[in-house]
1. Within region 4-27, identify whether any single residue is hydroxyl-bearing (Ser, Thr, Tyr) and touching an Asp or Glu at 6+ places or on another chain (Cβ under 7 Å), and answer yes or no.
2. Report the residue count in region 30-74 for those that are farther than 19 Å from residue 15 by Cα and either among the charged types (D, E, K, R) or in contact with a Lys or Arg (Cβ under 8 Å, 6 or more places away or on another chain) (or both).
3. Pairs needed: first member in region 10-27, under 19 Å from residue 52 (Cβ atoms) and touching a residue at least 60 places away in the same chain (Cβ under 8 Å); second member anywhere, surrounded by fewer than 17 Cβ atoms within 10 Å (Cβ to Cβ) and not aliphatic (A, V, I, L, M); C-beta distance under 7 Å; at least 6 residues apart or different chains.
4. Between a residue in region 57-74 that is among the acidic types (Asp, Glu) and any residue that is outside any strand (DSSP E or B), which pairs come within a Cβ distance under 9 Å, given they are 6 or more apart or on different chains?
5. Just name the residue that is nearest to the chain's Cα centre (by Cα) out of those in region 5-55 that are within 14 Å of residue 67 (Cα to Cα) and aliphatic (A, V, I, L, M).
6. Among the residues of region 25-62, which ones are touching a strand residue (DSSP E or B) at 6+ places or on another chain (Cβ under 7 Å) and of a type in the set (S, T, N, Q)?
Amino acid sequence: MMSDSLHYFANRLTDRPLGPFHLQDIYGPQWAAFSAEDRLRLGRDFLAHVRQGAIPQVHDSGECDPQGRVFRKD
């Protein structure tokens with residue numbers, strides 16, 4: 001069974017164009033409303049899903065910039 005967060009991530013990424021992105025790009029303006037603790041938890045969850053290969057075509061670039069970790073949809 002797919003977790004709620006994994007289901008949300010997978011749905012939001014379906015129409016996302018190929019290339020680099022940040023987790024906050026998936027959430028849009030809603031991201032700013034999350035507490036720092038919630039953003040960290042979501043980031044850890046998303047990274048774990050990516051590293052497990054649970055989100056097809058999405059990879060951890062291994063890079064960070066001022067906006068956070070950079071992911072890539074291939």
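Readers should treat all values here as calculations from the given coordinates under stated rules, not as data from a laboratory. In this text, all values refer to a predicted model and were calculated from it rather than measured experimentally. Note that we place each Cβ from the backbone using ideal geometry, even for glycine, and neighbour counts take in every protein chain shown.
1. Taking region 4-27 first, the residues hydroxyl-bearing (Ser, Thr, Tyr) are 5, 8, 14, 27.
Now narrow it down to the ones that are touching an Asp or Glu at 6+ places or on another chain (Cβ under 7 Å): 5.
Among the residues of region 4-27, at least one is hydroxyl-bearing (Ser, Thr, Tyr) and touching an Asp or Glu at 6+ places or on another chain (Cβ under 7 Å), which makes the answer yes.
2. So in region 30-74, the residues farther than 19 Å from residue 15 by Cα come out as 32-45, 47-48, 51-52, 61-69.
Subset that is either among the charged types (D, E, K, R) or in contact with a Lys or Arg (Cβ under 8 Å, 6 or more places away or on another chain) (or both): 37-39, 41, 43-45, 47, 51, 61, 63, 65, 69.
Here the count works out to 13.
3. What qualifies is 13/73.
4. If the second residue must be outside any strand (DSSP E or B), the pairs left are 60/47; 60/50; 60/51; 65/22; 74/18; 74/57.
5. Ranking the qualifying residues of region 5-55, first place goes to 23.
6. Those that are touching a strand residue (DSSP E or B) at 6+ places or on another chain (Cβ under 7 Å) and of a type in the set (S, T, N, Q): 57, 61.
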